[in-house]
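Worksheet for the structure shown next.
The values are calculated or read from the model by the stated rules, or taken from the named source; none is laboratory data. Because the structure is a prediction, the values reported are computed rather than measured. Quick reminder, even Gly has a Cβ in these numbers, built from the backbone with ideal geometry, and neighbours come from all protein chains shown.
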Amino acid sequence: MRQDDVSAYLNFRPFQPFRVHLSTAAFFEIRQPELAFVTRSTLQIGLPLEGNQQRFVVIAVGTHCLDGSSNPHSLISYFTN
């Protein structure tokens, strides 16, 4: 998965929540586009608040977002609340 792929999902209107699946079998839900930020080499995702603290996870795009598939969208899935 490339940063352009993630950006396309974040910029789609109306926004639909989605999951990013990692090569480690972990996944992260992106429920609001404002809580995710794509750079040239990373995807930064804001996680739910714990008390008063906001947490973020930083994922190396193209490293951990891999499954060996030729489909660049194979690691993104939509979900409903």
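Could you count how many residues in segment 37-80 are charged (D, E, K, R), at pLDDT 80 or above and not in a strand (DSSP E or B)?
Taking segment 37-80 as the starting set, the residues that turn out to be charged (D, E, K, R) are 40, 50, 55, 67.
From what's left, at pLDDT 80 or above: 40, 55.
Narrowing the set further to residues that are not in a strand (DSSP E or B) leaves 40.
Qualifying residue count, segment 37-80: 1.
Could you please give the count of residues in segment 11-34 that are free of Cβ contacts under 8 Å to residues at least 40 places away in the same chain and either assigned to a helix (DSSP H, G or I) or small (Gly, Ala, Ser) (or both)?
The number of residues fulfilling the criteria is 5.
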